[in-house]
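As structure tokens, the structure follows; a few thoughts come after it.
The values are calculated or read from the model by the stated rules, or taken from the named source; none is laboratory data. None of the values given here were measured: they were computed from a predicted structure. Positions of Cβ are generated from backbone atoms using ideal geometry, with glycine treated the same way; all protein chains shown enter the neighbour counts. Keep in mind that these areas ignore ligands, DNA and RNA; they rest on the heavy atoms of the full protein, side chains included. Shrake-Rupley method; radii C 1.70, N 1.55, O 1.52, S 1.80 Å.
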Amino acid sequence: MRYWLLINQSLKAIFVNKVRSLLTVLGIVIGIASIISLVSLGEGVKVSISDRILALGASNLTVVPGAVAGARTLDPTKAPSQTRGFTLSTSSLTEKDVQSLADRKRHPHIKYISGEITGSTIVKTDRGDKRFPVLGVSPDYFAINNLTIERGRSLDQSHVDEGANVLVLGNQLAADLYGNRDPIGATLNIEGTEYEVIGVFKPAEESGLANPNIQAYIPYTSAMETFNSLNFNFIYIQATDESVVPSLKQDIRKTLLKNHQIQNSSLADFTVISSGDILSAVDSITDILTSMLTGIAAISLLVGGIGIMNIMLVSVSERTREIGLRKAVGARTVDILNQFLIEAVLLTLTGGILGIALGFMIARASESYLGFTPIVTFNTILLAVGASTMVGLVFGVYPAVKASRLNPIDALRYE
Amino acid sequence: MEHIIEMKGISKVYKTGDEDTVALQDVDLTVTRGEFLAIMGPSGSGKSTLMHIIGLLDRPTAGQYLLEGRDVSRLNDSSLARLRNQKIGFVFQQFNLLPRTTVLGNVLLPTIYGRLKNSRSRAFEVIEEVGLSDRVNHTSNQLSGGQMQRVAIARALIMNPDIILADEPTGNLDSKRSLEIIDLFKKINSRGATVIIITHEEHIARNANRTIRLLDGKIVANAERIA
Ligand SMILES: Nc1ncnc2c1ncn2[C@@H]1O[C@H](COP(=O)(O)OP(=O)(O)O)[C@@H](O)[C@H]1O
Ligand SMILES: [Mg+2]
């Protein structure tokens, strides 16, 4: 069999009837374009979030109050509740927890540790009222988050010990509040307490899910007073090395369970999360989203496939005499079957290639709107080519079988 | 002389609804290699049915058919397709060319389904033989009826078949073109191919070595032409 002649003929037929072919494969084009753009967006989101999480540092751990998975909080007063200004007045994470974890003898693998009391405030500026987050932290917090001083000085241990009302500004926040003026020495009223600005951080890379440049930082001891909160919203820990993270995670759990006098670890009122945990959670969420959206796009492929079947059936009846003739010159049943399958697949594949190009352009065009780069991988293209071939095969089978079963004599007589 | 076709007691019955149509009834026919045979008879007398059975496009309901001495009744469909490809060339009244396809593409069609060495040069050869060398790249809709039938003949010739079967090949042509086509068949026959044509016209049949006449599915006359 010299099928390249057939393929050549079919390709010519597709290109001679450009408009008809394009209309026929439009459903496939749209379906494949949606799959390409959605999957590449999904990949792009994944990578951009992963980058942010890895920017947190692979050796970083976070303790959050409450149980994240399968949470069964028996005492409703211990349920994590988000109230006024983002403070969790009933958080389970105490100063004692931070102190016992900070014990270098018991936890030699902890390099830095800081609790965080998350508050926020509103101040009046030249450009109207402005709300911004105020975090009560220890000096270790800045080491964990790679924040370094640009002007003035940072918080130190003595500020924490004294509960000093001093404040360091993120770079962007300093500009927003003070413009070109020097903020050092200025006072800011945070929820009724006067704080002195003692420093401004350098611009820091946005890491995690918060922007460190638009936050203000005060000693956690002062935050306890100002925000009337005894407990931490988070505890941030940096391990001495990435390799100790899994075992350190267990150590932290043990210490906190003991502190909280919980015997059954499944009833823990806190969760220790590593960057790896967040990564896999984000991955599974984006995977679910991507496959859901791809499923929707697949419906368009289905509709496109029905269009292909329709046009192939029309083609079979238009070309009944041709089929009879081919049989007369020696085509076997299987040759006719293959011919119509090849034609259907060439059609859908053409649609698939156009769809890949279109999806690529959509992904590219959306880049500027989204602020992250969609990623078209080889696998995505393989998926698109595979999907369009499958559609051609599945929806081409019925017309092809119909064509191949035609009796040559009836076909030649057909008017 | 070798009998290229030997048929004994061939019958063909079509079942249409509850009525049976007897298209051929107990036909005996022997054709010698290299013969030029004409089949005549009124419309509906079974000429095309006989030709389809000879050309392995259809199977008889009863009877024995030996093609080059070989019983073809037991062959499966793909073997029959192979024999059609290698041994038989069909020419139809309605030309049956592929639309929007060049003369060359049409002539090459049988080579998709069977092995042929140097198929392109062979295609040019048969196109030359039917006198269309200057039309190789014309598409079929750019040709006149006579030219289309020449393309169909070139297509029938390309695989070097032993038998050329033509079902009213001049039925759609004026008398001048008809004579040209008949001359072509005579030329093909003179090179050794067995040619069988169905025709309504006596002056066409007169070119054959022998004429058989069908009536209601039976051979009613079988006459050699005395040269
Ligand atoms: N596929 C078919 N089904 C039913 N009857 C048929 C079929 N093909 C041919 N016939 C019948 O068989 C008879 C012979 O037909 P045909 O061989 O085409 O005659 P001719 O070619 O001599 O005009 C006619 O009566 C025709 O109606
Ligand atoms: Mg007929």
Multiply the residue gap between A:Asp176 and A:Ser158 by 0.36 nm, knock off their C-alpha separation, and tell me the result in nm, one decimal place.
3.6 nm
Straight-distance crosslink candidates among aspartates and glutamates, where the alpha carbon sits under 12 Å from B:Lys186 and sequence neighbours closer than 8 are dropped
B:Glu35
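With N set to the number of residues, divide the alpha-carbon radius of gyration of the protein assembly as shown by 2.2 N^0.38 Å and report two decimals. Let's see the in-between values first.
On the way: Rg = 43.3 Å, N = 642, 2.2 N^0.38 = 25.7 Å.
Compared with the compact-globule rule of thumb, the protein assembly as shown sits at 1.69.
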Which trypsin sites (Lys or Arg not before Pro) does segment B:93-200 hold that lie in a coil by DSSP with at most 15 other beta carbons within 10 Å?
B:Arg100, B:Arg115, B:Lys117, B:Arg191
Long-range HN-HN contacts of A:Leu93 with modeled amide H, under 5 Å:
A:Phe232
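Between B:Phe124 and B:Asp18, how high is the FRET efficiency from 1/(1 + (r/R0)^6) when r is the Cβ-Cβ distance and R₀ = 45 Å? Nearest 0.05.
Values: r = 53 Å, r/R0 = 1.19.
It comes out at approximately 0.25.
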Counting only heavy atoms of the protein chains, get the accessible area per residue of chain A (1.4 Å probe) and round it to a whole Å² value.
48
Heavy atoms only, probe 1.4 Å: what % of the accessible area of chain B goes to carbon and sulfur, would you let me know?
46
Dipole magnitude of chain A, debye to nearest 20 (Cβ charges: Lys/Arg +1, Asp/Glu -1, about Cα centre)
2100
Lysine pairs in segment A:108-264 with alpha-carbon atoms under 24 Å apart, 8 or more places apart or on different chains: how many are there?
7
Rounded to a whole number, what % of the accessible area of segment A:178-243 do carbon and sulfur atoms account for, probe 1.4 Å?
45
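In chain A, which longest range has no trypsin sites (Lys or Arg not before Pro) that are both DSSP loop (not H, G, I, E or B) and surrounded by at most 15 other Cβ atoms within 10 Å? Intermediate values should be presented prior to the final figure.
Numbers: sites that count: A:Arg2, A:Arg72, A:Arg104, A:Lys105, A:Arg106, A:Arg127, A:Arg153, A:Arg181, A:Arg405.
Between exposed loop sites, the widest span is A:182-404.
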Residues in segment A:327-351 occluded by at least 30 Å² - accessible area, probe radius 1.4 Å, against chain by itself
A:Ala328, A:Val329, A:Gly330, A:Arg332
With each pseudo-label sitting 7 Å past Cα toward Cβ, what's the A:Ala281-A:Lys258 distance in nm, one decimal?
2.7
Magnitude of the Cβ-charge dipole (Lys and Arg +1, Asp and Glu -1) of segment B:1-71 about the Cα centre, nearest 20 debye, reported as 120
Residues with amide H under 5 Å from that of A:Phe132, placed H, sequence gap 5 or more
A:Thr121, A:Val123
Under 14 Å by backbone N from the virtual spin label 7 Å along Cα-to-Cβ at A:Ile296, the residues of segment A:20-39 are A:31, A:34-39
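Does segment B:85-195 come out rounded, prolate or oblate, given a ≥ b ≥ c as the square roots of the eigenvalues of its C-alpha gyration tensor, rounded meaning a/c under 1.5 and, failing that, prolate meaning a/b above b/c? Spell out each step's value before the answer.
Working: a/c = 1.56, a/b = 1.10, b/c = 1.42.
Oblate, because a/c is 1.5 or more while a/b does not exceed b/c.
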Along the charge dipole of segment A:247-399, pointing to its positive end and built from +1/-1 on Cβ of Lys, Arg, Asp and Glu, which listed residue (A:Ala387, A:Gln263, A:Met292) has its Cα farthest out?
A:Ala387
With unit charges on the beta carbons (Lys and Arg positive, Asp and Glu negative) and the dipole taken about the Cα centre of the protein assembly as shown, which residue among B:Ala152, A:Val19, A:Asn407 sits farthest to the positive side?
B:Ala152
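Quick check on packing: order A:281-289, B:163-171 by the mean number of other C-beta atoms within 10 Å, highest mean leading.
Working: A:281-289: 13.8, B:163-171: 23.3.
Listed from highest to lowest mean packing, they are B:163-171, A:281-289.
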Reach of B:Lys218 by Cα under 16 Å, taken over lysines that are not fewer than 8 positions away in the same chain:
B:Lys8, B:Lys12, B:Lys47
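Please sort by residue number the trypsin sites (Lys or Arg not before Pro) in segment B:34-82 whose DSSP state is loop and whose Cβ has at most 15 other Cβ atoms within 10 Å.
Working: sites: B:Lys47, B:Arg70, B:Arg74, B:Arg82; in loops: B:Arg74.
Sparse-neighbourhood loop trypsin sites (Lys or Arg not before Pro): B:Arg74.
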By a straight-distance test (C-alpha under 17 Å), which lysines pair with A:Lys327 as possible cross-link partners, with residues fewer than eight away in the same chain excluded?
A:Lys402, B:Lys87
Place +1 on the Cβ of every Lys and Arg and -1 on the Cβ of every Asp and Glu in segment B:83-133, take the dipole about the Cα centre, and give the residue among B:Tyr113, B:Val130, B:Pro99 whose Cα lies farthest towards its positive end.
B:Tyr113
Averaged over B:76-84, how many beta carbons belonging to a partner chain fall within 10 Å of each residue's beta carbon?
4
Test item: Cα-centred dipole of segment B:1-140, Lys/Arg +1 and Asp/Glu -1 on Cβ, debye:
600
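Using Cα-Cα distances under 8 Å and only pairs 6 or more residues apart, what relative contact order does segment A:153-209 have, in percent? Mind showing how you got there, number by number?
Values: 68 pairs, mean separation 23.4, N = 57.
Reported relative contact order: 41 percent.
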Let's test the formula: R0 of 25 Å, r as the Cβ-Cβ distance of A:Leu393 and A:Ile288. What FRET efficiency results, to the nearest 0.05?
0.30
Give me the summed buried accessible area for the B-A pair, 1.4 Å probe, to the nearest 100 Å².
2200
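Provide the FRET efficiency to the nearest 0.05 for the A:Glu225-A:Ser265 pair, computing r from the beta carbons and using R0 = 35 Å.
Values: r = 34 Å, r/R0 = 0.97.
According to the calculation, E is roughly 0.55.
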How well do other chains shield peptide B:90-101, expressed as the mean number of their Cβ atoms within 10 Å of each residue Cβ?
4
